[in-house]
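The values are calculated or read from the model by the stated rules, or taken from the named source; none is laboratory data. Just so we're clear, the structure is a prediction, and the values are computed from it rather than from any experiment. With ideal geometry, Cβ positions are generated from the backbone for all residues, glycine too; neighbour counts draw on all protein chains shown.
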Amino acid sequence: MKRLTLLIAVALFNAGCVKPLTPTKPPVSASLSSSNMQERLAKPRSNTIVRAFLPTAEGDKKVAKEVAGAECTLRSDEISAQVTTPQAVVLPSFKQKAAFENRGVPGAIVVDCEYQGRTGRSLLTVQEKKVAVVQGAGIAGMLIGAAVSSAVASTTPWAYPGEAHVTLVQQ
């Protein structure tokens, strides 16, 4: 009986969800805008899937519809790439060091897409690192935990999020 209840709960939960389209093309590697950026690159590289959506009618409670075939260009001060949605782009990670200007934060990536007379734009920015605070370990434990967390957060490579969503609107 527990299993049947679980199956019904999962089916009801998934009934309201729209499954994302599966990329059919292999990932594209972003090109670096300058060869002298090698000292700023970190490992590993990451995949970001670019997805395009048609908006719903105003007041419509349905989820926006994902479309395949939107032509998208990604550009920043550091990289450039072209993809056809849904498709992954392999983006570099960047070292975070005090020696670099602004700790090495890379520029935002502008994602411009076009699909059947519609266009859209999205902005990808790297994730800011968070400092965690340890609780329940006393003041000394909190201070040590905060110091370790801060050191890790200030040296972890800058990376872009795993998905870019672009809403396409009529021109």
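Computed values, structure above
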item: Qualifying strands (runs of 3 or more DSSP E) (wholly inside the stretch 74-133; at least 3 residues being of a type in the set (D, E, K, R) and within 16 Å of Thr156 (Cα to Cα)); result: none
item: Residue within the stretch 53-70 that is among the polar types (S, T, N, Q) and at pLDDT 95 or above present; result: no
item: Set Glu39, Glu114, Glu66, Glu71: member being touching a strand residue (DSSP E or B) at 6+ places or on another chain (Cβ under 6 Å), surrounded by fewer than 15 Cβ atoms within 10 Å (Cβ to Cβ), among the charged types (D, E, K, R) and on the phi < 0 side of the Ramachandran plot; result: Glu71
item: Test for Thr56: is it closer than 20 Å to Thr167 by Cβ, in contact with a strand residue (DSSP E or B) (Cβ under 9 Å, 6 or more places away or on another chain), assigned to a strand (DSSP E or B) and not hydrophobic (A, V, I, L, M, F, W, C); result: no
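Here's the yes/no breakdown for (1) touching a residue at least 40 places away in the same chain (Cβ under 8 Å); (2) closer than 15 Å to Pro161 by Cβ:
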{"site": "Ser35", "(1), (2)": "no, no"}
{"site": "Arg40", "(1), (2)": "yes, no"}
{"site": "Lys43", "(1), (2)": "yes, no"}
{"site": "Ala52", "(1), (2)": "yes, no"}
{"site": "Val67", "(1), (2)": "yes, no"}
{"site": "Ile79", "(1), (2)": "yes, yes"}
{"site": "Val89", "(1), (2)": "yes, yes"}
{"site": "Ala98", "(1), (2)": "yes, no"}
